[in-house]
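The structure under discussion appears below in the form of structure tokens.
Nothing in this text is a laboratory measurement; each read-out follows from the coordinates by a stated rule. Model, not experiment: these values are computed from the prediction. Backbone-built Cβ (ideal geometry, glycine too); neighbour counts: all protein chains shown.
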């Protein structure tokens, strides 16, 4: 699709971004994973511009959502701050890497990450387990252990495998900087499966960190001229509006069916991205 | 810090994030309106990557453009405010930890802040 004027393109991109933000916030996977295939495949936008615009929208949505979550008391700010060292380092590295990596490779890696997200979104959220392995020394030194609201009271939890979680977060940061996504799925994976944080603590702390991670790579993209104002404007406003609405209607939506739909959409987009990357038409 | 002990800091961080995003969105809307009125009828060209001119990628260039009421520069300024929002959040958390004499976390916040500021100046 190649709209004839900037005004038409702005309206179309804005509407598409609104839908991406809506789906992203209702499924908890973020708008970036739909946004970049939409911009590159549908509107023929160069992937570098698409990534720049997506990163900016990621900051907007995660900051908006985090503002609500930190008040509820689930977010573990210490864990978030400590792991942000890893994600920021990775994000800057990924953003610098994006300049020298071939567009086809970026598209290909993106497709694989999309497939993984599709798969993950179909799995049910795991049940919380009590820390059976005993406290981690690093977690103690950094006083990472916390508590969260549970059935009217507060429930304690202990943080495990801090080193492995830190390394995985570095990888999440690289993917975020290279592909322009929040990589929330990887952050939740690291905190929930590896560090054994309660699921709700993992998702809210992940959201808390996404803004800083995206800001680290977005500033590199901005400095290198990958953030186009004319394109980023409808993307940022559309995604932000969509995700705000999504958060409002989330409570009434059939979550399971929605996730199935979302998994089908991003699975389809993943195959398109991989196909176009291999053909060299991205 | 998820207990009542850290609650005031959490409320402050939440308020900061909300204000930053709102402010950024207002600038982007204002700049976008100017841009569309002036250039809405032109042909778009995002298919080939050329990179933005210095006026849209350096802080000095963007500020100069805002003074000249360039729509695109005002959008970029809004995006700068947006990028600055999580950075300000890290700084605020750092001050919060300093007030509690939690020096380990003051150091952690400072490292993250240094990385973010490096990202901001690395492009030139």
Using a basic spin-label model with each label point 7 Å from the Cα along Cα→Cβ, how many nm lie between residue A:143 and residue B:19?
2.7 nm
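Once you average over the residues of A:192-202, how many Cβ atoms of partner chains fall within 10 Å of each Cβ?
The per-residue average across the peptide is 0.
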Relative packing of peptides A:94-103, A:59-68 - highest average C-beta neighbours within 10 Å first:
A:59-68, A:94-103
Please work out the ratio of the alpha-carbon Rg of the protein assembly as shown to 2.2 N^0.38 Å and round it to two decimals.
0.93
Most mobile listed residue (B:60, B:88, B:73) in chain B, GNM with C-alpha springs under 10 Å:
B:60
Relative to the present Cα-Cα distance, how much length would full extension add between residue B:99 and residue B:34 at 0.36 nm per residue of separation?
19.0 nm
Highest-MSF residue in chain A out of A:107, A:177, A:44 [GNM, Cα springs under 10 Å]
A:44
Just the Cα atoms of region B:32-100: what Rg and Dmax do they give in Å?
16.6, 56
Stokes-Einstein D in µm²/s, Kirkwood radius over Cα pairs - chain B at 4 °C with 1.567 mPa s viscosity:
78 µm²/s
Principal axis extents for region A:1-84, Cα atoms only, whole Å, descending order, please.
49, 22, 19
Using alpha-carbon positions, what is the distance between the centroids of region A:195-222 and region B:1-78, in Å?
20 Å
Mind putting together the pair-distance distribution for region A:184-282? All Cα pairs, 10 Å bins, whole percent per bin, short to long.
12, 24, 45, 19, 1
How many nm separate the modelled label positions at residue B:110 and residue A:119, each set 7 Å beyond the Cα in the direction of the Cβ?
4.3 nm
Would you mind telling me which residue in B:105, B:46, B:35 has the biggest mean-square fluctuation in a Gaussian network model of chain B, where springs connect alpha carbons within a distance under 10 angstrom?
B:46
For A:141-151, mean number of other protein chain Cβ atoms within 10 Å:
2
Determine, from the Cβ-Cβ distance of residue B:42 and residue A:278 and an R0 of 51 Å, the FRET efficiency 1/(1 + (r/R0)^6), rounded to the nearest 0.05.
0.90
Which order, highest average first, do A:195-206, A:108-119 follow once you tally other Cβ atoms within 10 Å for each residue and take the mean per peptide?
A:195-206, A:108-119
Separation of the residue B:88 and residue A:112 label points, Cα + 7 Å toward Cβ, nm
4.0 nm
